[in-house]
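The values are calculated or read from the model by the stated rules, or taken from the named source; none is laboratory data. All values reported here derive from a predicted model rather than from experimental measurement. We place every Cβ from the backbone using ideal geometry, glycine too, and count neighbours over all the protein chains shown. Keep in mind that these areas ignore ligands, DNA and RNA; they rest on the heavy atoms of the full protein, side chains included. Shrake-Rupley method; radii C 1.70, N 1.55, O 1.52, S 1.80 Å.
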Amino acid sequence: MSAAQHLHIVPSEFLVEHLPNATFPEDDEWIALVRAPEGLTVVREASPFTEAERWVGFYGDAGHGLDLPGMLAAVVGPLADAGVPVFVASTYHADLVLVPDHRLKDAAQALRDAGHRVSDR
C-alpha cells in the first residue's frame, strides 16, 4: 500500500512553546500538550499580536487509524530530505505536521514531489 496522502494546509498559524516549570498551561487556548521531565510543550493558535516564530500545519485525511505503519514517515521523510524542520502532534486519526511558516512553500513542494496531494489554505 502506498503511503501517499492527501494533506490539507491548516488555515491557522501556530506557536510551539516550551514551559520548563509548568505542569499545565494557565489558559485553555491550547491545541496540544505534551508533558515531559523537562517541562511542558504547548501548541496553540498564534495570536496576530504575538511576535514568536509561527508554524503552519499539514493535516492528512482522517481515517488511516493507528495500525497502518509508515503514514507519518511518508510525510516527515521528504521534509527532512528538504531540510525543513517539523513538529508533530498526532491524533487518533491523523498527524498534524507543523513546519515554520517561512518554509511553507518548500515543505509543500517537497511533499508534492514525494507524491502527496497538498491542498492550499
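3J(HN,Hα) along segment 97-104: 9, 9, 10, x, 4, 6, 10, 4 Hz, from the Karplus curve 6.51 cos²θ - 1.76 cosθ + 1.60 with θ = phi - 60°, whole Hz, x for Gly and Pro. The share of accessible area on the chain that comes from carbon and sulfur is 54 percent, using a 1.4 angstrom probe.
Nearest 0.05, what FRET efficiency do Asp61 and Glu26 give at R0 = 35 Å with Cβ-Cβ as r? Given R0 = 35 Å and the Cβ-Cβ separation, E is 0.55.
For the pair Ser119 and Val88, label points projected 7 Å from Cα toward Cβ lie 2.2 nm apart. Placing unit charges on the Cβ atoms of the charged side chains and taking the dipole of segment 6-119 about its Cα centre, the candidate lying farthest along the positive direction among Thr50, Gly60, Asn21 is Gly60. Send over a whole-number figure in Å² for the accessible area per residue of the chain, probe 1.4 Å. Per residue, the chain has 59 Å² of solvent-accessible surface.
The 3J(HN,Hα) values that the Karplus relation (6.51, -1.76, 1.60; θ = phi - 60°) gives for segment 14-23 are, in residue order, 10, 10, 10, 10, 10, 10, x, 10, 9, 10 Hz. Gly and Pro appear as x. Centroid-to-centroid, using Cα positions, segment 1-45 and segment 71-121 are 15 Å apart. Derived scalar couplings between HN and Hα for segment 45-54 equal 5, 6, 6, x, 9, 7, 9, 6, 4, 9 Hz in order, rounded to whole Hz, by the Karplus curve 6.51 cos²θ - 1.76 cosθ + 1.60 (θ = phi - 60°), x for Gly and Pro. Counting 0.36 nm for each residue step from Lys105 to Thr50 and taking away their Cα separation leaves a gain of 17.6 nm. Convex hull volume per residue, computed on the Cα atoms of segment 6-119, equals 122 Å³. Were the residues from Val76 through Leu33 laid out at 0.36 nm apart, the gain over their Cα-Cα distance would be 13.4 nm.
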